Amino acid sequence: MPSLPHIPVLRHGPAYESLDTVEVRDHRTGTPLAVVSQANAGIVRRDLRKAGARAASLRARPIDELLDLCARAVEPFLEGTLPLNDAGDEQSADQYVRALSATSGMPHALVRANMEKIATVLRDMPAILRGLTRGLDPAVLDTGVGVQNGVPVSYADAADALGVVLPSNSPGVNSIWLPALALKTPVVLKPGREEPWTPLRILRALEAAGLPREAFGFYPTTHDGAAAILEGCGRSQLFGDARTTAPYAGNPAVEIHGPGRSKVVLGPDEADRWETHLDVLVASVARNGGRSCINASTIVVPAHGDAVAEALAARLAAIEPRPADDPEATLCAFANPSVAEWIDGTIAAGLAAGGAVDVTARHRDGDRSVTLDGSTYLRPTVVRCERPDHELANTEFLFPYVAVVEVPSDHVVAAIGPSLVVTAITRDPALRQALIRSPHVERLNLGPIPTSHVDWDQPHEGNLFEFLRVRRAVARDEGW
Amino acid sequence: MSDPIESAPRPASPEEAAEQLDAHVRATVAWHFSAETGTPFWIDRARDLGLDAVEEITTFADLARLPRFDGEWLRSEPHARFVPRAFADRPYTIFETGGTTGMPKQRIGWDDYKIDYAAFSSTLDDDAFPPGGAWLMIGPTGPRRLRLAIEFLANHRGSPCYFVDLDPRWVKRLIRERQFDQAKAYMEHVLDQAEQILKHREVTALFTTPKLLEALGERLSIPEAGIRGVFCGGTEMAPQNVRFLCEEVLEGEVTFVPTYGNTLMGLAEHEKDFASNGYSITYHAPQPRAVVRVVRPDDPDVLVDHDEWGRVELTTLTRELLLPRFLERDEAIRRRPTATHPWDGAGEVRPFRANEERIVEGVY
């Protein structure tokens, strides 16, 4: 039997094999697929001491060159056979899809959809930068000074490195840090434990397109190593649940990507026409296997709550687990069955407390939790909650889960709390204005647009340009 | 006159080591249980157990007739109960361990640390720890044996020693209360002081912990600061950490001497070829004065097999202290006897059950 490929630490240069390793395994069979080096925290800190020089080198490259480089990375990312290490182990695109599916539980079809999403970001980087910078001339990224809308502007660098502590739930999240490289900021990535594949593949594709290794670090590491990244990079993105992210809440150098608690709000003017919006509701809840923070986890209506829940349950209950390589598969398996067990138990306890009913239960045979081909799945679940403050009404789980609640329109903003995405299906002026003005709504879709829809020219989950650059006042004398 | 309890020739084989240990057990038991020299605590125990210790304990295995030493006794028993009658007229030193919360364990002592560290000194390389060159200790001083021991070791080699204190009880309390900013500020405070000494005084040798060594290396180049040898104690020495310390923090230029030891044992010697063994460090207790065994956590009367993980059990056999089969809060891999130390060793020592605390990442 050939030895397992070793996925090394990439320290902005040659591959480094740690003596501390973990195996990533096929979640169904337990078969190890690779050995992954674990960087000790000291390595992260030591390498970050040279971040300034590395950033200077990336910043010396013209923006046009970096945008071309991103575009050239599309083909190797989607099609290429790329190195896993410096020892000759490689991975084709198909092998990547299978490996990621095996370790994360995501079906092949969804992995491919996520690849497409990442490819789009690489390909459309110029448009994404326009969105992030609100139309700034890209040349200003080279010089740091320029004119925008007739006003002189100048930007300082906020950080010499962007640290990113990644999750394992969906490969699509990698699209969030990707523009940093076009913004001339080296990245320091900590992959999720079950998902070294995607960030590595992106970096290898960029390397194949000409990005120098000094522009990126890849540090599979422990909790301590993650803390070293968050403390040592001038700016960081942290993905995680509320417990993981709590110590960094309020830290301006750390952008937190926690649970999204995204929502669809139906206004009083559209409530009677809820049936025409059912497709939007289904797509909001179930797209990407319900694994994203932009999936809706609450639907807020002024009336017809029971009917909406019933119709949605009928549609979602039809989504059944399918084998990972089935092109129609849209549900993800749980790589760690105890997570599914915990979620299932939490929902059961919430229902037992009263005031909430699992409407999907009537539409399916058997339990919420099922196994297929050795994998554990949770089937889509619609819970009708009597009150918006029920413990199941404003929560988020890693599968297609949604609560339906009735809230009078003039109470909606107070009731929904912080929400990453809100789709507001309403022309009611008061409700629209209240949502537009609410600081708790990070992204607002006006009209029947699924919460899970992404416009790449619209920065969501924070504006990376504003995170990595600080605008300063500037005065320029003529000719200077 | 050579005293068999205080110095013994190094045995040539595991069989010789076992014989030597059994003879040492007999001498130590005779000392602690005799009416003239013995220790009140043990004399009373033997009486309560109806045990004729000198008759019945003639081998290391026979120590099982004594109760496993309970650390609680070092908190609750009056010190006088542990003073051998032979030392009744000598004032003693009180050394503490633990004490982050509640009462620390207290061991009393006279000469043990000098005997242990003088013996250890002969294992140090004079190029890495030049006789006469100054030492700097950065670590727990206060009521600990370590502080006196390191100064003694330096002096024994003709060297003076500077000290920067780190109070581990305060650090542990800050971490338990999740005051990480305060913990960090305190570490900075400690390192600031160390940096000042290194800047203004010529120092050739360091004693510190792996974490402090790493943090010091983030501020300055340790070889450029003139350090030639680092003597390092602590249980945070997994192979990758040791490799990182040797290759990067010490820049491949400074001799790294790890040790495992504590107030109750003395200090264990490491196998010097660790770099060629994947940076896995094996320690051998200073037998016959102390014996470390690696036992099954669920059945500590049974040793684990060689190369298996188990809990560290310590037996100390000196004139000052008889401490049979004390279960440490550490775990290790049981290692085979070697040519230089023909008795079992303990590898990759780390806090007990450290691996179970490895952070399980969130689902996102």
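The values are calculated or read from the model by the stated rules, or taken from the named source; none is laboratory data. Fair warning: this is a prediction, and the values are worked out from it, not measured in the lab. In this analysis, Cβ positions are derived from the backbone assuming ideal geometry, glycine residues included, and neighbour counts consider all displayed protein chains. We work out accessible area using only protein heavy atoms, side chains counted, and drop any ligands, DNA or RNA first. Shrake-Rupley method; radii C 1.70, N 1.55, O 1.52, S 1.80 Å.
For the reader, a short list of remarks on this structure follows.
- Residues (open to solvent by less than 20 Å² (accessible area, probe 1.4 Å) and more than 19 Å from A:Leu206 (Cβ to Cβ)) located in the range A:1-20: A:Ser18
- Taken over the range A:198-226, residues that are in a loop (DSSP other than H, G, I, E, B) and within 14 Å of another protein chain (Cβ to nearest Cβ) amount to 3.
- Checking each residue of the range A:339-355 against the condition of being surrounded by 22 or more Cβ atoms within 10 Å (Cβ to Cβ) and assigned to a loop (DSSP other than H, G, I, E, B) gives no match.
- Condition check for B:Glu224: within 21 Å of B:Asp126 (Cα to Cα), open to solvent by 40 Å² or more (accessible area, probe 1.4 Å) and free of Cβ contacts under 8 Å to residues at least 12 places away in the same chain: yes
- Flag if A:Pro212 is under 26 Å from A:Ala309 (Cα atoms) and either of a type in the set (Phe, Trp, Tyr) or touching a residue at least 24 places away in the same chain (Cβ under 8 Å) (or both): no
- Taking the numbered list (1) within 14 Å of chain B (Cβ to nearest Cβ); (2) aliphatic (A, V, I, L, M); (3) outside any helix (DSSP H, G or I) in turn, A:Val188 passes all entries but (1).
- Single residue of the range A:451-479 satisfying the filter (under 30 Å from A:Gly289 (Cα atoms), in contact with a Ser or Thr (Cβ under 9 Å, 6 or more places away or on another chain) and open to solvent by 50 Å² or more (accessible area, probe 1.4 Å)) that is modelled with the lowest pLDDT: A:Trp456
- Scanning the range A:402-436 for residues that are open to solvent by 20 Å² or more (accessible area, probe 1.4 Å) and part of a helix (DSSP H, G or I) turns up A:Ser409, A:Asp410, A:His411, A:Val413, A:Ala414, A:Ala415, A:Pro429, A:Ala430, A:Arg432, A:Gln433, A:Ala434, A:Ile436.
- Residues in the range B:149-207 that are touching a helix residue (DSSP H, G or I) at 6+ places or on another chain (Cβ under 6 Å) and either in the same structural domain as B:Gly102 (by TED's automatic domain parsing) or assigned to a strand (DSSP E or B) (or both): B:Cys161, B:Tyr162, B:Val164, B:Phe207.
- Within the set A:Pro439, A:Pro448, the sole residue that is at pLDDT 95 or above and in a loop (DSSP other than H, G, I, E, B) turns out to be A:Pro448.
- Taken together, B:Glu251, B:Glu224 contain a single residue that is assigned to a loop (DSSP other than H, G, I, E, B), away from chain A (no Cβ under 14 Å) and more than 23 Å from B:Pro168 (Cβ to Cβ), which is B:Glu224.
- Among residues of the range A:109-160, those that are open to solvent by less than 40 Å² (accessible area, probe 1.4 Å), more than 22 Å from A:Leu178 (Cβ to Cβ) and part of a helix (DSSP H, G or I), counted: 1
- Spans of helices (runs of 4 or more DSSP H) in the range B:32-118 with at least 3 residues within 25 Å of B:Leu148 (Cα to Cα) and either assigned by TED's automatic domain parsing to the domain that holds B:Thr315 or not aromatic (Phe, Trp, Tyr) (or both): B:73-76
- Pair list, Cβ under 6 Å, 6 or more apart: the range A:274-300 residue in contact (Cβ under 8 Å) with a residue 40 or more places away in the chain and within 16 Å of A:Arg379 (Cα to Cα), other residue open to solvent by 10 Å² or more (accessible area, probe 1.4 Å) and among the acidic types (Asp, Glu): A:Ser297/A:Glu396
- Pairs where the first residue, in the range A:81-96, is assigned by TED's automatic domain parsing to the domain that holds A:Val36 and the second is at pLDDT below 95 and not in a strand (DSSP E or B), C-beta under 7 Å, 6+ apart: A:Asp86/A:Pro14
- Within the range A:227-333, helices (runs of 4 or more DSSP H) holding 3 or more residues that are surrounded by fewer than 24 Cβ atoms within 10 Å (Cβ to Cβ) and within 14 Å of chain B (Cβ to nearest Cβ): A:242-245
- Condition check for A:Pro439: farther than 30 Å from A:Val153 by Cα, more than 17 Å from the chain's Cα centre (by Cα) and open to solvent by 20 Å² or more (accessible area, probe 1.4 Å): no
- The residues of the range A:370-394 that are among the charged types (D, E, K, R) and open to solvent by 50 Å² or more (accessible area, probe 1.4 Å), listed by number, are A:Asp373, A:Glu386, A:Arg387, A:Asp389, A:Glu391.
- Test: residue in the range A:51-73 that is within 14 Å of chain B (Cβ to nearest Cβ), over 25 Å from the mean Cα position of the chain (by Cα) and touching a residue at least 40 places away in the same chain (Cβ under 8 Å): yes
- Residues that are closer than 19 Å to B:Leu124 by Cα and part of a strand (DSSP E or B) within the range B:265-292 comprise B:Gly266, B:Leu267, B:Ala268, B:Glu269, B:His270, B:Thr282, B:Tyr283, B:His284, listed in sequence order.
- Residue list for the range B:119-136, restricted to those being under 23 Å from B:Arg289 (Cβ atoms) and outside any loop (DSSP other than H, G, I, E, B): B:Ala119, B:Phe120, B:Ser121
Conditions tested, residue by residue: (1) within 14 Å of chain A (Cβ to nearest Cβ); (2) surrounded by fewer than 21 Cβ atoms within 10 Å (Cβ to Cβ).
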{"position": "B:Asp125", "(1), (2)": "no, yes"}
{"position": "B:Gly142", "(1), (2)": "no, yes"}
{"position": "B:Phe152", "(1), (2)": "no, yes"}
{"position": "B:Asp165", "(1), (2)": "no, yes"}
{"position": "B:Arg176", "(1), (2)": "no, yes"}
{"position": "B:Ala205", "(1), (2)": "no, no"}
{"position": "B:Leu220", "(1), (2)": "yes, yes"}
